[in-house]
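Trainee: Below is the structure I would like to discuss, written out as structure tokens.
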Amino acid sequence: MRIVLIATGSRGDVEPYLALGKGLQAAGHVVRLVSHENAGPLVKAHGVEFWPIEGNAQDVAQSPEMRELLDKGNFLAILSKMGKDAQNNAVAFAKGGLAASEGMDLVIAGFGGMFIGVALAEKLNIEFMQAHYIPFSPTRAYPSALFPTLPAVFGGALNRVSYRLTEQMMWQGFRSADTVARQQVLGLPKVAFWGPYGSERFKRNPILYGYSPAVIPPPADWNNQMHVTGYWFLDPADEWTPPASLLEFLQAGPPPVFIGFGSMSTRNPAETTDLILRAVARTGQRVILLSGWGGLHKADLPDSVLMVESVPFSWLFPRVAAVVHHGGAGTTSAGLRAGVPSIIIPFFADQPFWGRRVAELGAGPAPIPRKQLTADRLAQAIQTAVADQTMRQRAAELGTKIRAEDGIARAVEVVRQMVAHRPSLRF
């Protein structure tokens, strides 16, 4: 089968879909991955066909306006900004997606591409499948990962409602962009006010969830269309080798603590770096500090701190004592897989959800929201993660369970079964 994967956003957003694409390709399918131009080197390094669309997700994240919004952590304001950017790029996105999808049989997409994905499938009369790395289907078991914590007194009914509200937050933010793409490029009528969620093409195929059932068990009220497969991990490309400076630092003392906030930009990277350095000085721990998209920097670092620009987490995290990060789904999964405690500093969106879940599982301390982060709180959390043997044991046990799973193989099998039960998909 000929499959298009749409994956936009930061590296952590793209990696799970690239890993899934590699698995589908290894199973004999033809796979194309559609993403912004800056994802090209990563995708090509892993041998998957890359179809670029105009734009650079990193430039958007590092813009002064987005840095300010991320500092404030207002998800609705961030969605509004993303929606405006999507509207400006809608024509280019639709043209690039249409070119990539010509002659294909199936479009797979998650949050970053599901609206354009279902539009492309409608235009070309091909199939569409949802694939997410956070829960999206309504359930009474827990609220939407993109919704604020709900008081337990309201019970499961409000949990289900939170998913419908999340659907509308996302759709209303991107509705204008979807209309532009449909009318100016695809020649399709605009979607109804409430979005495409009820359409047959959107909901008739299985939904893939690329996270571990040991982390979020499938809720009892989901039907057999929802498949929690396990994580879709992307291991380093064959030619990757660690820098000599990193190897030397790791070998020079006990396992360090990793600290990095990935694609989360801040208005004052130097101030954030100073906060981190004050915290780690109080702990006496060695640290690997990731500069990331936030541009953390410090001219003169102590010998106990090594700053790196980029390193595969699947290689690094098993070699550290604990990981401090923003709580993005990809970084969270890498920390859990490594079996070391995670300290999550959530900024917005699903990050508070993952922070709470890690703490509930006993694999890390309670999350510290970015706006409440202080040197004292960070130092205390690091000390707990390094010294609490019960926490370390729970993290290790969870890591063992996750490493025993093969989420990619399970996802590929779901696709195979879909083809087997749908004569129209047998090619």
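Trainee: Could you list, in sequence order, the residues of segment 167-198 that are closer than 18 Å to GLY97 by Cβ, part of a loop (DSSP other than H, G, I, E, B) and under 26 Å from the mean Cα position of the chain (by Cα)?
Mentor: PRO196
Trainee: Taking segment 237-252, which residues are of a type in the set (Gly, Ala, Ser) and more than 24 Å from the chain's Cα centre (by Cα)?
Mentor: Across segment 237-252, the qualifying residues are ALA244, SER245, ALA252.
Trainee: Follow-up question, since we're still on this one. Residues that are in a strand (DSSP E or B), under 24 Å from THR166 (Cα atoms), of a type outside the set (Gly, Ala, Ser) and touching a strand residue (DSSP E or B) at 6+ places or on another chain (Cβ under 7 Å): does segment 236-258 have at least one?
Mentor: no
Trainee: Another question about this same structure. Within segment 111-146, count every residue that is small (Gly, Ala, Ser), outside any loop (DSSP other than H, G, I, E, B) and farther than 11 Å from PHE202 by Cα. Walk me through how you get there before you give the answer.
Mentor: Our first condition is that a residue be small (Gly, Ala, Ser); within segment 111-146, this holds for 112-113, 117, 119, 121, 131, 137, 141, 144-145.
Adding the requirement that they be outside any loop (DSSP other than H, G, I, E, B) leaves 117, 119, 121, 131.
Narrowing the set further to residues that are farther than 11 Å from PHE202 by Cα leaves 131.
Adding up the residues that qualify gives 1.
Trainee: Among ARG140, ARG160, which is over 15 Å from LEU5 (Cβ atoms) and either in contact (Cβ under 8 Å) with a residue 24 or more places away in the chain or not assigned by TED's automatic domain parsing to the domain that holds PRO196 (or both)?
Mentor: Only one candidate qualifies: ARG140.
Trainee: Would you call ASP388 surrounded by fewer than 19 Cβ atoms within 10 Å (Cβ to Cβ), modelled with pLDDT of 95 or more and under 30 Å from GLY28 (Cα atoms)?
Mentor: No: the conditions fail for ASP388.
Trainee: Which one of these is in contact with a helix residue (DSSP H, G or I) (Cβ under 6 Å, 6 or more places away or on another chain), surrounded by fewer than 23 Cβ atoms within 10 Å (Cβ to Cβ) and at pLDDT below 90: ALA77, ALA61, ALA152?
Mentor: ALA77
Trainee: Might you let me know whether segment 343-353 holds any residue that is of a type in the set (S, T, N, Q) and in contact with a Phe, Trp or Tyr (Cβ under 9 Å, 6 or more places away or on another chain)?
Mentor: Scanning segment 343-353, I find no residue that is of a type in the set (S, T, N, Q) and in contact with a Phe, Trp or Tyr (Cβ under 9 Å, 6 or more places away or on another chain), so the answer is no.
Trainee: Please work out which residue is farthest from GLN285 (Cα to Cα), limiting yourself to segment 316-333 and to residues that are modelled with pLDDT of 95 or more and out of contact with any strand residue (DSSP E or B) (no Cβ under 8 Å at 6 or more places or on another chain).
Mentor: My answer is SER333.
Trainee: For ILE408, only one of the following conditions fails: (1) within 24 Å of the chain's Cα centre (by Cα); (2) more than 17 Å from ALA334 (Cβ to Cβ). What is its number?
Mentor: Result: ILE408 passes all but (2).
Trainee: Next question, about the same structure. Name every residue in segment 337-349 that is within 18 Å of the chain's Cα centre (by Cα) and buried (at least 22 other Cβ atoms within 10 Å of the Cβ), in order of residue number.
Mentor: Of all residues in segment 337-349, those within 18 Å of the chain's Cα centre (by Cα) come to 337-338, 342-349.
Result: ARG337, ALA338, SER342, ILE343, ILE344, ILE345, PRO346, PHE347, PHE348.
Trainee: Quick check on my filter: what residues within segment 357-385 are at pLDDT below 95 and within 21 Å of the chain's Cα centre (by Cα)?
Mentor: Selection gives PRO369, ARG370.
Trainee: Is segment 232-247 home to any residue that is among the polar types (S, T, N, Q) and closer than 28 Å to PRO143 by Cβ?
Mentor: Taking segment 232-247 as the starting set, the residues that turn out to be among the polar types (S, T, N, Q) are 241, 245.
Those left that are additionally closer than 28 Å to PRO143 by Cβ: none.
Scanning segment 232-247, I find no residue that is among the polar types (S, T, N, Q) and closer than 28 Å to PRO143 by Cβ, so the answer is no.
Trainee: Of the residues GLU239, GLU248, which single one is free of Cβ contacts under 8 Å to residues at least 24 places away in the same chain, outside the structural domain of ALA411 (by TED's automatic domain parsing) and of a type outside the set (S, T, N, Q)?
Mentor: GLU248
Trainee: Is at least one residue of segment 163-184 out of contact with any helix residue (DSSP H, G or I) (no Cβ under 9 Å at 6 or more places or on another chain), β-branched (Val, Ile, Thr) and without any contact (Cβ under 8 Å) to a residue 60 or more places away in the chain? Lay out the reasoning, then the answer.
Mentor: Initially, segment 163-184 is screened for residues out of contact with any helix residue (DSSP H, G or I) (no Cβ under 9 Å at 6 or more places or on another chain), giving 163-168, 183.
Going one step further and asking which of them are β-branched (Val, Ile, Thr), we end up with 166.
Now drop any that are not without any contact (Cβ under 8 Å) to a residue 60 or more places away in the chain, which leaves 166.
For segment 163-184, residues out of contact with any helix residue (DSSP H, G or I) (no Cβ under 9 Å at 6 or more places or on another chain), β-branched (Val, Ile, Thr) and without any contact (Cβ under 8 Å) to a residue 60 or more places away in the chain: present.
The values are calculated or read from the model by the stated rules, or taken from the named source; none is laboratory data. All values reported here derive from a predicted model rather than from experimental measurement. Reconstructed Cβ throughout: ideal geometry from the backbone, glycine too, with neighbour counts over all protein chains shown.
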